[in-house]
Amino acid sequence: MEEILEVNGKPYRILKLLGKGKGGYSYLAEDAAGVYVLKQIHHEPCDYYQFGDKLASEKKDYMRLLAAGIRMPKLLDTDEEKERILKEYIEGPTIYELVLREQMNPSYTEQIHKMCRKLYAEGLNIDYFPTNFVVREELLYYVDYECNEYHKEWNFENWGSRYWAKTQEFMQYVKEHDGGV
C-alpha cells in the first residue's frame, strides 16, 4: 500500500525512509512537482539530549543557520498540527558513505572547517556526525537544522572529526549500527 503524508493538506507520496534522528523520521517524498525531504517529528525518548518544542526548535535553528551563511536545504513548509517539516532534497552521498568507501576528498574537510569558522563566530555548534552532510557537485551541505550553543567539547575538532575518517570511533559506530559493513 502506498503511504501518503500531508503537509498543510498537500499530499506527498513517501518513497523511502532516509533516516531516524533524535528528533524525527526523515523520508524521501514526492509530489507532481518534485522530490523533497519530509520530516515527521517524533517524541521518542533520547537518553543524551533534552528537547523542548522540537518543531519550534527546527524553525529557530534553520533561521540561525541561514543567518550564519551555512549551506543547507531550504525550508519549504511546516505543518504545526501534524508536526511535519518539508525541505529541499539535496541529492548526493553522505560524508558517512564517502568515509566508508574511502572516497573522501580533502576539499570536504576544508569546507567543514570553513563552516566551523562561520558557526563559531556566531557561538554555535551543529551536529557534526557524517550522516548529516551531503555532497552535491563537490559542495558540502549540512542537511540537518540542529544547532546548539557553542561548547568546545562538542565542536568539530574535538568531537565531529572523530567520525570524518575511518577512526576507531567511526568503525565502532559502523559495527554497532551497520553490522560491520
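Here are some notes:
- From phi via Karplus (6.51, -1.76, 1.60), per-residue ³J(HN,Hα) for segment 151-165 in Hz, x at Gly/Pro: 9, 3, 5, 10, 6, 5, 5, 9, 10, x, 4, 4, 10, 9, 7
- Segment 123-181 - Debye-derived log10 I(q)/I(0), Cα point model, q = 0.20, 0.27, 0.28 Å⁻¹: -0.85, -1.13, -1.14
- Couplings 3J(HN,Hα) of segment 100-116, computed from phi: 4, 8, 6, 10, 6, 9, x, 5, 5, 5, 4, 5, 5, 5, 5, 4, 4 Hz, in residue order, whole Hz [Karplus 6.51 cos²θ - 1.76 cosθ + 1.60, θ = phi - 60°; x for Gly and Pro].
- Amide proton proximity set for Gly24, modelled H, under 5 Å, gap of 5+: His42
- Three-way shape label, segment 4-88, alpha-carbon gyration tensor, a/c 1.5: oblate
- Integer Hz, Karplus 6.51/-1.76/1.60 couplings in order for segment 12-21, x for Gly and Pro: 10, 7, 7, 8, 5, 7, 8, x, 10, x
- Electrostatic dipole magnitude of the chain [Cβ: Lys, Arg +1; Asp, Glu -1; Cα centre; debye, to 20]: 400
- With only Cα atoms counted, the chain has Rg and Dmax values of 16.4, 48 Å.
- Calculated mean residue ellipticity at 222 nm for the chain: -8000 deg cm²/dmol, from DSSP H runs with n ≥ 4 weighted as -39500 (n - 2.57), summed, divided by the residue count and rounded to 500.
Read-outs throughout are calculated quantities, based only on the coordinates presented, and are distinct from any laboratory measurement. On a predicted model such as this, the values are computed, not experimentally measured, just so you know. Heads up, the Cβs are rebuilt from the backbone with ideal geometry, glycines too, and the neighbour counts pull from every protein chain shown.
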